[in-house]
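The values are calculated or read from the model by the stated rules, or taken from the named source; none is laboratory data. Worth saying up front: this structure is predicted, and the values here are computed from it rather than measured. Quick reminder, even Gly has a Cβ in these numbers, built from the backbone with ideal geometry, and neighbours come from all protein chains shown.
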Amino acid sequence: MNFRNLNPLYLLLLCSLVSCQDEQEKAAFEERKIAFNSEWQFHLNDSVQDTDTISENTNWRTLNVPHDWSIEGDFSPEHPAGTGGGALPGGLGWYKKSFTLEEKDSTKVTSVMFDGVYHNSEVWINGNYLGKRPNGYMGFQYELTPYLNYGETENELLVKVDNSKQPNSRWYSGSGIYRNVWLITTDKLHVTKWGTFVTTPEVSKDSASVNIELKIANAYPKSKTAIIRTTFFQAANEVASVSEKIKIEANSEEKITQRTSIKNPKLWSVEEPQLYTAVTEISIDGEVVDQYKTPFGIRSFEFDLEEGFILNGKQTKIKGVCLHHDLGPLGAAINTRAIERQLEIMKEMGVNGIRTAHNPPAPELLDLCDKMGFIVQDESFDIWEQGKTEYDYSNHWDEWYELDHRDMLLRDRNHPSIFMWSIGNEIPEQWSERGAELGRKLANITRNIDSTRPITAAMNPPIHTGDEDVTLQFDEPQQPNALAGSGALDIIGYNYAHQTYPKHQVNFPNTPFIATETTSALATRGYYEFPSDTIKVWPVRWDIPFDGGNPDNTISAFDQVRTPWGSTHEETWKVIKKHDFLSGFYIWTGFDYLGEPTPYTWPSRSSYFGIVDLAGFPKDSYYMYKSEWTNEYVLHILPHWNWEEGQTVDIWAYYNNADEVELFVNGESKGIKRKEGDDLHVMWRFPYKPGTLKAISRKDGNIVLEKEIKTAGEPAKLNLEADRKTIKADGQDLSFITVTITDEDGTLAPRADNLVHFELSKGGKIVGVASGDPTNHESFKGTKHSALSGKVLVIVQSGKDAGSVELTATSEGLEAATTTINFE
Ligand code: GAL
């Protein structure tokens, strides 16, 4: 069967109808982009013995990328990245990959695309220098064609990654080729890199106008006449198509715009993230020579001065979280399932927005946000001209910022989940004229590439000079900072200072508002200390009270320890909830992240700000948000029930869909509580007695939920629970297995910190272990880890063969546990 002259979409349909005889030929024809991740050779320079070169004597290790060498290192306060960088090593690494190409590809254009290399990468092909890219978060592509060998002669791609100068980041960056690599092979006549832009200028229930701008390159030495046809699909259904004939001169590029409309469009929303795909085909003499797919969505939105964020005509509060790029125990090395799990955990809590703090994210995160329905704020920089750490991006700003910013926009602008661009986070220049000037430059670049989305910046409170008390209430308009007043921003965005939000309309009567970053509350999952017999709670493991300069902040109740610049979870949400004109917020942060244990330092090596810990286990505040943001029934009580007899303890409950909660200790009622006014929890206070704490929520007198916490006996048993017991046999997929330590009766042992060992039978791999304890120094890449508050996580990655593996967890003095994970 000759597939060459068949439209590949029909081919795909055909292949799914009849079992396709020649899958390989189909794949070769369809894919202009193949994963180029396997079988790389890696060498980490020894800074003492090696210079920054490699030689015949260099020892290479074979591995697959995405790869992060820092996460494989030991924690130490001596690493120059400091605890801010996760107390893990940097260094200089080399990667090389050998490959052959078929003769038939010698007439094509071949490029390599790196989605992200941290950082200062330089690339060579067959000894020819291709270029460098200081920025560690922006993807880049090099054309390889002129230097390639075809047939049996091998090619060698060599990549140098220099993360040796530290500190260069305020958080853990990771090191290496930590995102995907792609080999892209196209006809000489092709759609260029990020060469499409779909917009939907008019959207109504009945119809959406759709434009697609296309950039087409002709690398032939002759002019070419081609048919450019774009077909629009909603799932597998063709909904519109448009085609035209164009002539492109030799060795040149042409831009065209195709226009059509789609009837009764299915709108993208947070609840129903409907997606479309534009498939552009270039044909010469009836043969399709190039195909480019652009996923997109149709939605209308605005940021309104009175109503906040309006999506498809409906007022929608942005309930977002900021996320750094690391994946906890997996480090910075991206894995699609690991990102998906993070987003699932966020979605279950009711989160509908993600801010990509403070850099362009992995493309896979944006794809998932498109599919799962998140309102994304895509951010380009944490640093402009003025640095925040010695070797950071400020050293490269002048030469690279325009390209880096432009590339982020080009790469990301088709994602329906993105609703605003942030040109920077807490940029020190924001207070000066230079900041206004740079802000306008970035805004111009942005508007030239995408005029459909507003621009914001995550400023420091622009009405606060740094000296005065942010709790001041302003009755008169305040002098904004230079960036806020520069005209660069369509939305005023600033971090923290929730006390000032109600006055936004006074200070900025003409510009809508988004709280780009809020809260920064500190907590460690399951960890509560009641110092002495007082009722004050210290819910952070590294239990040195944080002297933030405000005595009320040193120890607070369960709603987390407040930093002077932040708030408790409840405080900021109450303000955001109250005022329609506040479009929403992005809480710092959804997950704990590596590095920045602020306000602590060694032995802490990861942050305390997350609503969910580094292992992916929710802290208590998760349930406060869930009770507010979802319709799912919530009744969550805290703390655990293992205290010293007679100690006075506060007990909190978060609940929803009910009028009241009654609490019992060993069957004795401690009273009924109801949330009053804007309360987000209820509380009881009484001396501790061991036994059973039971809460019952009721609506109209009927029981809604019951929740019990028992006093646990000594740790006795291990239990394993996989988030998915069957995963794909693709060598990538992950099963996240929670280990719970219980007493004899199966009650969680809330203070258990036993060291748990893991063993996996042949066929899969243990790729990460974690507990969520920011002070733990055991390797995330090992096969043992100490529990925190009775829990540990172990992550198993599938092999490429179908089958099953057995995971066994053991710990001295505890009953072992085993579970089976299947690969299909
Ligand atoms: C903010 C900053 C974040 C993080 C946070 C910690 O000011 O934008 O990157 O450092 O503080 O509270």
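Just the residues that are among the small types (Gly, Ala, Ser) and either surrounded by 22 or more Cβ atoms within 10 Å (Cβ to Cβ) or within 15 Å of the ligand (Cβ to nearest atom) (or both), please, taken from the range 380-395. Residues satisfying the conditions are Ser380, Gly387. Taken over the range 627-663, residues that are assigned to a loop (DSSP other than H, G, I, E, B) and under 18 Å from Val537 (Cα atoms) amount to 9. For the range 434-449, the set of residues classified as in contact (Cβ under 8 Å) with a residue 24 or more places away in the chain and of a type in the set (S, T, N, Q) consists of Thr446 only.
One residue stands out in the range 358-379 among those that are assigned to a helix (DSSP H, G or I) and either in contact with a Phe, Trp or Tyr (Cβ under 6 Å, 6 or more places away or on another chain) or within 14 Å of Gly116 (Cβ to Cβ) (or both): the one that is nearest to the ligand (Cβ to nearest atom), namely Leu365.
Selection of the range 380-404 for residues being of a type in the set (Asp, Glu) and either in a strand (DSSP E or B) or under 22 Å from the mean Cα position of the chain (by Cα) (or both) yields Asp382, Asp392, Asp404.
Do you know which residues across the range 225-238 are under 33 Å from the mean Cα position of the chain (by Cα) and surrounded by 15 or more Cβ atoms within 10 Å (Cβ to Cβ)? Before the answer, list the steps.
Step one: of the range 225-238, the residues under 33 Å from the mean Cα position of the chain (by Cα) are 230-238.
Listed by number, the residues that qualify are Thr230, Thr231, Phe232, Phe233, Gln234.
If you take the residues in the range 551-570 that are surrounded by fewer than 21 Cβ atoms within 10 Å (Cβ to Cβ) and within 15 Å of the ligand (Cβ to nearest atom), which one is modelled with the lowest pLDDT? Selected residue: Asn553. Among the conditions (1) under 37 Å from the mean Cα position of the chain (by Cα); (2) within 30 Å of Glu571 (Cβ to Cβ), Glu662 misses just one, which is (1).
For the range 239-251, the condition of being touching a strand residue (DSSP E or B) at 6+ places or on another chain (Cβ under 7 Å), among the polar types (S, T, N, Q), in a strand (DSSP E or B) and surrounded by 19 or more Cβ atoms within 10 Å (Cβ to Cβ) holds for none of the residues.
Ser175: over 25 Å from Asp46 (Cα atoms), buried (at least 16 other Cβ atoms within 10 Å of the Cβ) and touching a strand residue (DSSP E or B) at 6+ places or on another chain (Cβ under 7 Å), yes or no?
On the way: over 25 Å from Asp46 (Cα atoms): no; buried (at least 16 other Cβ atoms within 10 Å of the Cβ): yes; touching a strand residue (DSSP E or B) at 6+ places or on another chain (Cβ under 7 Å): yes.
Against the criterion (over 25 Å from Asp46 (Cα atoms), buried (at least 16 other Cβ atoms within 10 Å of the Cβ) and touching a strand residue (DSSP E or B) at 6+ places or on another chain (Cβ under 7 Å)), Ser175 does not qualify.
Output the residue which, of all residues in the range 143-152 that are in a loop (DSSP other than H, G, I, E, B) and in contact with a Leu (Cβ under 9 Å, 6 or more places away or on another chain), is nearest to the ligand (Cβ to nearest atom). In this case the residue turns out to be Leu144.
May I ask you to list the residues in the range 742-783 that are small (Gly, Ala, Ser), over 26 Å from the mean Cα position of the chain (by Cα) and surrounded by fewer than 17 Cβ atoms within 10 Å (Cβ to Cβ)? Break it down stepwise before answering.
Our first condition is that a residue be small (Gly, Ala, Ser); within the range 742-783, this holds for 746, 749, 752, 761, 763-764, 768, 770-772, 779, 782.
Narrowing further to those that are over 26 Å from the mean Cα position of the chain (by Cα): 746, 749, 752, 761, 763.
Across the range 742-783, the qualifying residues are Gly746, Ser761.
Inspect all residues belonging to the range 200-215 and state whether any of them is farther than 24 Å from Thr452 by Cα, in a strand (DSSP E or B) and charged (D, E, K, R). Walk me through it before giving the result.
From the range 200-215, those farther than 24 Å from Thr452 by Cα are none; that's our starting set.
No, the range 200-215 has no match at all.
The set of residues in the range 595-626 being within 13 Å of the ligand (Cβ to nearest atom) and assigned to a strand (DSSP E or B) consists of Ser606 alone.
Against the numbered list (1) in a loop (DSSP other than H, G, I, E, B); (2) within 16 Å of the chain's Cα centre (by Cα); (3) closer than 21 Å to Thr516 by Cβ, Arg355 comes up short only at (1). Of the residues in the range 162-178, not one is more than 16 Å from the ligand (Cβ to nearest atom), in contact with a helix residue (DSSP H, G or I) (Cβ under 7 Å, 6 or more places away or on another chain), β-branched (Val, Ile, Thr) and modelled with pLDDT of 95 or more.
On the stretch given as the range 413-452, residues that are within 16 Å of the ligand (Cβ to nearest atom) and assigned to a loop (DSSP other than H, G, I, E, B) total 2.
Residue-by-condition table, conditions (1) among the basic types (Lys, Arg); (2) outside any loop (DSSP other than H, G, I, E, B):
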position	(1), (2)
Ser669	no, yes
Asp679	no, no
Arg685	yes, yes
Arg698	yes, yes
Glu708	no, yes
Gln732	no, no
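Any residue at all in the range 370-378 that is over 24 Å from Pro618 (Cβ atoms), more than 12 Å from the chain's Cα centre (by Cα) and at pLDDT 95 or above? Taking every residue of the range 370-378 in turn, at least one turns out to be over 24 Å from Pro618 (Cβ atoms), more than 12 Å from the chain's Cα centre (by Cα) and at pLDDT 95 or above. Applying the selection to the range 81-108, what residues are in contact with a Gly (Cβ under 7 Å, 6 or more places away or on another chain) and assigned to a loop (DSSP other than H, G, I, E, B)? Passing the criteria: Ala81, Gly86, Leu88, Pro89.
A quick yes/no check of all residues on (1) of a type in the set (Phe, Trp, Tyr); (2) closer than 21 Å to Phe591 by Cα:
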{"residue": "Asp730", "(1), (2)": "no, no"}
{"residue": "Thr738", "(1), (2)": "no, yes"}
{"residue": "Thr742", "(1), (2)": "no, no"}
{"residue": "His757", "(1), (2)": "no, no"}
{"residue": "Pro774", "(1), (2)": "no, yes"}
{"residue": "His777", "(1), (2)": "no, yes"}
{"residue": "Lys784", "(1), (2)": "no, no"}
{"residue": "Gly803", "(1), (2)": "no, no"}
{"residue": "Phe823", "(1), (2)": "yes, no"}
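Inside the range 571-589, residues that are away from the ligand (no atom under 13 Å from the Cβ) and in a loop (DSSP other than H, G, I, E, B) make up a count of 3.
Go over the candidates Asn2, Asn64, Asn59 one by one and state the one that is at pLDDT 95 or above and surrounded by fewer than 17 Cβ atoms within 10 Å (Cβ to Cβ).
Values: Asn2 fails: at pLDDT 95 or above; Asn59 fails: at pLDDT 95 or above.
Of the residues listed, the single one that is at pLDDT 95 or above and surrounded by fewer than 17 Cβ atoms within 10 Å (Cβ to Cβ) is Asn64.
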